[in-house]
Amino acid sequence: MANGMSMVWDPLRIAAAGVITGNYIAVGTPLQHPARIIDITNLCNETLYMSTDGIEDMIVVPADAGKVKDICAARSGGDLGGAYVAVNTTFYVRSPSGAATGDSVFIEIQYIFGD
């Protein structure tokens, strides 16, 4: 990795259980940087579905559980190449059982910053 590069965290994205329904809602703002690591924690009492288009179910996160997606883990070579989640991507969440109860769902984003 080149000098001057570091891993940076985006502000935490949160959706409280009280606003999560059977329809997709946005969790926070669109990405401002290409995401390398995405950590999703579901502290609601229901399994939740997540999406990046707000239409199709793409990720399932069981109740009181979490998932980490290290997008660049499988990259090859010594450079910083690899796939990232694109800038302007928005994460959406819904509860297939209707209104979610319990705590919240949290999304932590990390990206590479520097030269």
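Readers should treat all values here as calculations from the given coordinates under stated rules, not as data from a laboratory. Note that the structure is a prediction, hence the values are computed from the model and not measured. Glycine also receives a Cβ, built like all others from the backbone with ideal geometry; neighbour counts cover every protein chain displayed.
Numbers below:
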item: Identified option (computed log10 I(q)/I(0) by the Debye sum over Cα atoms at q = 0.14, 0.15 Å⁻¹; candidates (1) -0.93, -0.97; (2) -0.50, -0.57; (3) -0.57, -0.64); result: (3)
item: In Hz, Karplus ³J(HN,Hα) per residue of segment 100-112 (6.51, -1.76, 1.60; θ = phi - 60°; x = Gly, Pro); result: 7, 10, x, 8, 8, 10, 10, 10, 10, 10, 10, 9, 8
item: Nearest-20 debye value, the chain charge dipole, Cβ charges on Lys, Arg, Asp, Glu; result: 60 debye
item: Residues Glu108, Glu56, Glu46, sorted so that the one with the fewest Cβ neighbours within 10 Å comes first; result: Glu56, Glu108, Glu46
item: Full-extension gain in nm, Asp103 to Val68, via 0.36 nm per residue minus C-alpha separation; result: 10.7 nm
item: For Val27, residues with placed amide H under 5 Å, excluding near neighbours; result: Phe91, Tyr92, Val93
item: Ile20 long-range amide H proximity, modeled H, under 5 Å; result: Ala100
